[in-house]
1. Give the residue, chosen from Asp16, Asp72, Asp79, that is charged (D, E, K, R), at pLDDT below 80 and part of a loop (DSSP other than H, G, I, E, B).
2. Checking the condition assigned to a helix (DSSP H, G or I) and at pLDDT below 80, which residue from Val91, Val40 passes?
3. Quick check on my filter: what residues within the range 27-63 are of a type in the set (Gly, Ala, Ser) and over 16 Å from Val91 (Cα atoms)?
4. Name the residue, out of Ile29, Ile47, Ile105, that is open to solvent by 100 Å² or more (accessible area, probe 1.4 Å), at pLDDT 80 or above and not charged (D, E, K, R).
Amino acid sequence: MTENNPYLPPQAVLDDAAANVDPDYGWDIARAQKALLLAVVLQIGGIIPVYGWLIYLCGVGLSFLAVYNLGDALQTQKDGFATGGGGKWLVLLWIPYVGVISLLILNAKTTKFLKGAGYSVGLFGARRKVSR
């Protein structure tokens, strides 16, 4: 009789959703965060007199790569990377000094996400989870 009852609530298996998540999902974000931190150092290193412009451009290129990877990884989380929102970060990177500030804001968002995922985050980025 319960098989034909139209008033039963929907039955869903919730444990199956957690099984489809890649265990290294957060590690992709941690690698992108390390690239982001290196890009900040390179952009600040742009104040060197002779080759500063080359170091700055390398920092901007690395920051584009890091923001692109963060956008792909965090888009499902909607943590500042809405469908149309990732482009604003890429535009801000080209503005000197504002780009560094925007990278630091993205670093704070990434750190918050990684700490929520259980990673230990330090000055040089996140460390891999230790399985116990």
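The values are calculated or read from the model by the stated rules, or taken from the named source; none is laboratory data. Source: prediction; values computed, not measured. Calculation scope for accessible area: heavy atoms of the full protein, side chains included, ligands and nucleic acids excluded. Shrake-Rupley method; radii C 1.70, N 1.55, O 1.52, S 1.80 Å.
1. Asp79
2. Result: Val91 is the single residue among Val91, Val40 that is assigned to a helix (DSSP H, G or I) and at pLDDT below 80.
3. Answer for the range 27-63, where residues must be of a type in the set (Gly, Ala, Ser) and over 16 Å from Val91 (Cα atoms): Ala30, Ala32, Ala35, Gly45, Gly46, Gly52.
4. Working: Ile29 fails: open to solvent by 100 Å² or more (accessible area, probe 1.4 Å); Ile105 fails: open to solvent by 100 Å² or more (accessible area, probe 1.4 Å).
Only one candidate qualifies: Ile47.
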